[in-house]
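Novice: I have a structure here, written as structure tokens, and I will follow up with some questions on it.
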Protein chains: 2
Amino acid sequence: MEPKLSLIYAVSYFAVVIAFAFAVWLHFWVKRQKCTNAKIEEISGLIKSGANAFMRKEYKILAIFAGIAAVIILVLLPTPVWKGDIIRNVEITVSYIAGTVLSAIAGKIGILVATSANSRSASAAQEGIKPAFLIGFRGGAVMGLAVVGFSLLGVASVLLLFKDSTILLGFSFGASSLALFAKAGGGIFTKTADVSADLTGKVELGIPEDDPRNPAVIADNVGDNVGDVAGMGADLFDSNVAAMSAALVIASALGNEVNTAMVFCYAALGLIASIIGIAAARIGKHGNPTRALNSSTYVTTGIYIALTAAATAIFKGFEWRIWGAAAVGLIVGVIIGITTDYFTDDTKPIVQRVAHASSSGSAFTILSGISYGFISALPAMIGIAVSALAAYKICEPLGPGYAMFGISMAAVGMLSIVGMIISNDAYGPIVDNARGLAEMGGLGEETIRVADELDSAGNTVKAVTKGFAIGAAGLTVISLLGAYMSEVNEALAKAGKALITGFDVMNPTVFFGILIGAAIPAVFSAMLILGVDRNAQRMVAEIRRQFKTIIGLKEGKEGVKPDYNKCIDIATHGALRELVPAGLMTIGATVIVGFIGGVSAIGGFLLGNIVTGLLLALFMSNSGGLWDNSKKYVESGNEGGKGSEAHKAAVVGDTVGDPFKDTAGPSINTQITVVSLVASLMSALFAAFSLFG
Amino acid sequence: MEPKLSLIYAVSYFAVVIAFAFAVWLHFWVKRQKCTNAKIEEISGLIKSGANAFMRKEYKILAIFAGIAAVIILVLLPTPVWKGDIIRNVEITVSYIAGTVLSAIAGKIGILVATSANSRSASAAQEGIKPAFLIGFRGGAVMGLAVVGFSLLGVASVLLLFKDSTILLGFSFGASSLALFAKAGGGIFTKTADVSADLTGKVELGIPEDDPRNPAVIADNVGDNVGDVAGMGADLFDSNVAAMSAALVIASALGNEVNTAMVFCYAALGLIASIIGIAAARIGKHGNPTRALNSSTYVTTGIYIALTAAATAIFKGFEWRIWGAAAVGLIVGVIIGITTDYFTDDTKPIVQRVAHASSSGSAFTILSGISYGFISALPAMIGIAVSALAAYKICEPLGPGYAMFGISMAAVGMLSIVGMIISNDAYGPIVDNARGLAEMGGLGEETIRVADELDSAGNTVKAVTKGFAIGAAGLTVISLLGAYMSEVNEALAKAGKALITGFDVMNPTVFFGILIGAAIPAVFSAMLILGVDRNAQRMVAEIRRQFKTIIGLKEGKEGVKPDYNKCIDIATHGALRELVPAGLMTIGATVIVGFIGGVSAIGGFLLGNIVTGLLLALFMSNSGGLWDNSKKYVESGNEGGKGSEAHKAAVVGDTVGDPFKDTAGPSINTQITVVSLVASLMSALFAAFSLFG
């Protein structure tokens, strides 16, 4: 059958419509579930309004930032208006704005459902694991479907409207600017609240983790939502859009429409596979929630591989080799997730060794956690390296340019099941909130036990999805490097200059770029971590002030409430204040290196950034997860259990790990994508002017 | 004047002879100083015999390793004997062995003098800072002169004898295999002893740091010598030889003898500048030892720049542009040292901020130390990037190939004052030992204060020299990458294959190599840190056993002595046992990647290794130094002083920092050099056979 592009577009839109319809149905299904406890309902309302307050503030600042960026894009990109084609500048600006808006809407929807599902899941936990699990999972699935639906909708519409794949990079840049705010800003917010709540509540006053007397407790629960639901959603929206955009830029350079059709077809089938996987997710009455989540992922993977094989068999011109590249990408993604699990699961030796090291003191918790975190990066780096090499070699025989297209399709393949991945990931904060609500609402020990089991499954699965997200980002940015080279050559061709064939590391401007690019993720992470640190200090001061000045609060006197909003305010303002310099440093470094060393230096800069970015992201996410689970392992009675010296040391590890795994580690992905897209969009400017280029 | 090569060789040998004569004079000068305290003399004897025991054991294992390596080289490198020219294999093998032997002799001499100077410096501290400083400094200078003398002697002789610059890479590989053992093995030894002595003595029993009752106290002092004197010396011997070898390989490819002459001439002048700098080092009666050490470095730098300018003016064919490259390298090296100082000096804000963060608990000590460690890497990375780019651009107009020669000469320039650098560095452990001896010998408070001041200067200067060493290694390995490409092309030309022009990051085999190469320094560091951890556990068990079973030891009963040798044994065996897997992993990864991806993958592998290696080395060395000095800052009465919560947290930071700064961080240099040289030596094999190459 002839794969007409119009037919494939129709299939894509059809998949999007199904996804949206299903998401709406799931949303109302969640809404139909009842929450039977007024206190929980009230606290959940506080969380919801706190999350909305953060989102409003964040989107307001983002709107200013995006507005400024839009003006700069309009005037300068891809070529300055006084030189080039103003229509193209307008088109890129429009798609940039569309990228930010669609991602923002998806994030908003995710928060909406997640903050409704938390109280209902807590309430349902009184009846057992089955209904509580389903509410958590289906609440998360709304976010998953919204993200993938909006990304496919956006990419297809931009391409259909403007018929120019370069314009897509503007859309993708919009998505990643939003992701930078959502992921890094949300990450600073959530860890500010978490660290200060623990430090003042658990450590100083000795009150339980989710005690409603603590002024930071609502901010802490809000943080789970804005960091893990909205942040992770924006991150994967960004990766998914970037992967598709890079594949489409490279496909368009190949000059055969069938390749463009293939990208959309595979993306649409990935969405359909996720829908089936979500619909099929079930758990028995006494089932294991971790197994339920993981098996839905495997089911989705299997369905995707089968569906794309069928499409490849049916449509003329769909190459089996490209199918192979996509399949390799997906399978390696799953394998990376599994190796991440090995390093962060408390039934496996590594977590237990770190817990054991804790009995010699916190220095050994830190040293062993850092060491295993470093080692854990190796399998994932090998996985990314092997999948890129395999995809390249599989597709190379198809002709010049196809090898790079193969890598980009491996990234598309890896991200195809992203709907399922986000569902699993957003499940985590919902049941984490539910656990807190069950405690704050006094639902009794058995209910808290059920909620605990659901929460623990969320933590385990989160490690897997994080590994997956970093792996996918790894392949995506490699194809973005390919897209960057396409853009550079387009610009050079227009300027009548000689094209480049690649970026030779023996070229000193490339090498110059590599060394500086390599330092950026380290500095970026450091700025975010120091930001959490400073922000937490401000919040700790506020919490202490409330306990001192609000009479009866410490004693838990009836009717006395802390000022939750003040803490939410501090977390919100601080997060955005600390994030902006880190973002500007990153973009500023790209611009400076570009104007010093030109397009070659930027090629090197991107490479250096990708390489150390991946290494640090894997290291930080995994060691953070490792410390978190080591602490839980000790708390469940090992190495002396709660209150022992080992426990104190493990808590130090967990506190260090918090900003590692929830702020810096996962933000590096976005930092890399932002830099890659800035580079692509500015390539014509760098080609036209640079000091040594 | 015509720069005849024979004349330049004569100058080089003359400089070597002067250096050796001066070293011998300094040695006897140190010996002539008297140690007036029998107890100190006795303990110093224990340290000396412990250091000798370690060196014997280390050299024995090294001899086995080197023997196996020599056989492999003889049979396989540069081409298998059944294919190639057996004479060349014999030549490489001989120079490999010469490289290990000369480096070993230099290390041995350094230990010999350092372990004589420590007691004499302690004794002289009773008379004031001036004589004690001079003994420490001159003792260290013997090592500095020996290292530089032997490296120049070795390189000149190998080239004179075999007239083939490729053979030099064998000599350089010998130097780096020894450095790997000396630096990483010594690093594990010293931190094993340090951590266990602190943990059992200071923390568990509450006895002072250098208390002779502690069975690990001698091992701790031995560790300073084997780690910092022998290890650092071997490291810089390795870098110095590698820098000269790379420059000579590239010079030989240029085909003009004058360039070879220039390399030797500059190296010889560097040695002469160091001799003058050492001879001129002085301190006033109440002088500041830090200033004295730093000003000798600046004096040496100035003399070197002046001498090389004069040589360039005198000799026909010595290009001013190349002089410029060497000068740029040296100046940037000094600047990197100064920025390192900014991050690790306790009179500057960073150390004070980390000390302040410690008052919120050890998690914040760790988080802020890691963050500033990451940030501290940026200026050095920019420095290396800028100096490489500048050297390249300065020398590019001289003709094809000269740009890379410029980079290699920047490395030679940076390393020219290495004699002075080692003198400053070896001064550190001598006065550190002296401080311990003053305490153990009961020389009184005023003497201990003098010794403390000398020791503190050693710590400050060490941060500078470490930054310098890493910077120098950075430029050296870039030129080794150039040397690797020369070797590859030589092999390809012989095989009648097409030459390569570089390593394009868009080539998937290069990219494959980059990703895996980038993970290796992280895994290597992790293995060393875990090695320290495991080894310290064994030693802690032994110390506890001794305190339990040796009656009267804990109480300090007259005549009861701990079994110091047992602890030295454990540290020695453990260090070598933990080091070997890390070394084999590194070399194994290189070989595997080479046979999978061929010469291009190895080009990428080296690049990835260099980039993350530099980043991690800078991060670990600097954050380790930062934590060490933060602890000292708190101990001197800030943030609550000794015994406060901030102090406890700062101690955790220091313990984490110990293996960072003295084991893993500085060993990464050597790891990079070893990998680069293995790659160069095996290039013909990789060119002949690989899976995807």
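Bear in mind that the values in this text are calculations on the coordinates, not laboratory data. This structure is a prediction, so every number in the text was calculated from the model and none was measured. Methodologically, a virtual Cβ is constructed for each residue, glycine included, from the backbone with ideal geometry; neighbour enumeration extends over all protein chains shown.
Novice: Let me spell out the model: positive unit charges on the Cβ of Lys and Arg, negative unit charges on the Cβ of Asp and Glu, origin at the Cα centre of the protein assembly as shown. What dipole size does that give, in debye rounded to 20?
Specialist: Dipole about the Cα centre, nearest 20: 420 debye.
Novice: For the stretch A:360-439, what are the per-bin percents of Cα-Cα distances with bins 5 Å wide, up to the bin holding the maximum?
Specialist: Per 5 Å bin, starting at 0, the Cα pair percentages come out as 3, 12, 11, 10, 12, 14, 14, 10, 7, 4, 2, 1, 0.
Novice: Can you pull the three principal axis extents for the Cα set of chain B, in Å, largest first?
Specialist: 77, 53, 44
Novice: While we're here: Compute the convex hull volume of the Cα atoms of the stretch B:585-649, divide it by the residue count, and report the result per residue in Å³ as a whole number.
Specialist: Value for the stretch B:585-649: 89 Å³ per residue.
Novice: Rank the residues B:Ser44, B:Ser408, B:Ser690 as a footprinting-exposure proxy: fewest other Cβ atoms within 10 Å of their Cβ go first.
Specialist: B:Ser690, B:Ser44, B:Ser408
Novice: Something else: Over the stretch B:384-483, calculate the relative contact order: mean separation of alpha carbon pairs under 8 Å at least 6 apart, over the residue count, as a percent.
Specialist: 34
Novice: Mean shadow of the stretch A:68-167, computed from the convex hull of its alpha carbons, in nm²? Working shown, then result.
Specialist: On the way: hull surface 29.6 nm².
Over all viewing directions, the stretch A:68-167 projects a mean Cα-hull area of 7.4 nm².
Novice: Not counting the cut sites, what is the longest span of chain A without GluC sites (Glu not before Pro) that DSSP labels loop and that have at most 11 other Cβ atoms within 10 Å? Could you put the intermediate results ahead of the total?
Specialist: Values: sites that count: A:Glu555, A:Glu558.
So the longest stretch without any such site is A:1-554.
Novice: Where the label is 7 Å out from Cα toward Cβ, how close does B:Pro581 come to the same position in every other copy, in nm, shortest first?
Specialist: 4.2
Novice: Ranking A:Val147, A:Val81 by Cβ neighbours within 10 Å, fewest first, what do you get?
Specialist: In order of increasing Cβ crowding within 10 Å: A:Val81, A:Val147.
Novice: Calculate the all-directions average of the projected area of the protein assembly as shown's alpha-carbon convex hull, and give it in nm².
Specialist: About 49.1 nm², averaged over all directions.
Novice: Set Lys and Arg Cβ to +1 and Asp and Glu Cβ to -1, take the dipole of the protein assembly as shown about its Cα centre, and tell me which of B:Ala649, A:Val113, B:Val90 lies farthest positive.
Specialist: The one lying farthest along the dipole's positive direction is B:Val90.
Novice: Another one. For chain B, take the longest principal axis of its alpha carbons; what is the angle in degrees between that and the long axis of helix B:232-254, to the nearest 10 within 0 to 90?
Specialist: 10
Novice: Ok, one more. Could you calculate the FRET efficiency of B:Ala53 with B:Arg282 from 1/(1 + (r/R0)^6), where r is the beta carbon distance between them and R0 is 30 Å, rounded to 0.05?
Specialist: 0.25
Novice: Compute the helix-to-body angle for A:257-280: its Cα long axis versus the longest principal axis of chain A, expressed 0 to 90° and rounded to tens.
Specialist: 20
Novice: Still on this model: In nm, what does the list of distances from B:Arg545 to its counterparts in the other copies look like, shortest first, when each label sits 7 Å along Cα to Cβ?
Specialist: Listed shortest first, these distances are 5.9 nm.
Novice: Report, in degrees rounded to the nearest 10, the 0 to 90 angle that the Cα long axis of helix A:289-314 makes with the longest principal axis of chain A.
Specialist: Helix A:289-314 sits at roughly 20 degrees to that axis.
Novice: How far apart, in nm, are two points set 7 Å out from the Cα along the Cα-to-Cβ line at B:Lys202 and at A:Val560?
Specialist: Distance between the two pseudo-spin positions: 4.3 nm.
Novice: On to the next question. So the label point goes 7 Å from the Cα of A:Phe692 along Cα→C-beta, right? Which residues of the stretch A:560-595 then have their backbone N under 20 Å from it?
Specialist: Zone members listed by number: A:588-595.
Novice: Okay, next question. For A:Ala495 and A:Lys60, compute 0.36 nm times the residue count separating them, minus their Cα-Cα distance, and round to one decimal in nm.
Specialist: 152.7 nm
Novice: Shortest first and in nm to one decimal, what separations exist between A:Glu645 and its copies in the other chains, measuring from label points 7 Å along the Cα-to-beta-carbon line?
Specialist: Result for A:Glu645, in nm, nearest copy first: 2.1.
Novice: In which sequence would B:Val24, B:Val651, B:Val450 go, from the one with the fewest C-beta neighbours within 10 Å to the one with the most? Present the calculation step by step, with values, prior to reporting the outcome.
Specialist: On the way: B:Val24 14, B:Val651 22, B:Val450 27.
Ordered by Cβ neighbours within 10 Å, fewest first: B:Val24, B:Val651, B:Val450.
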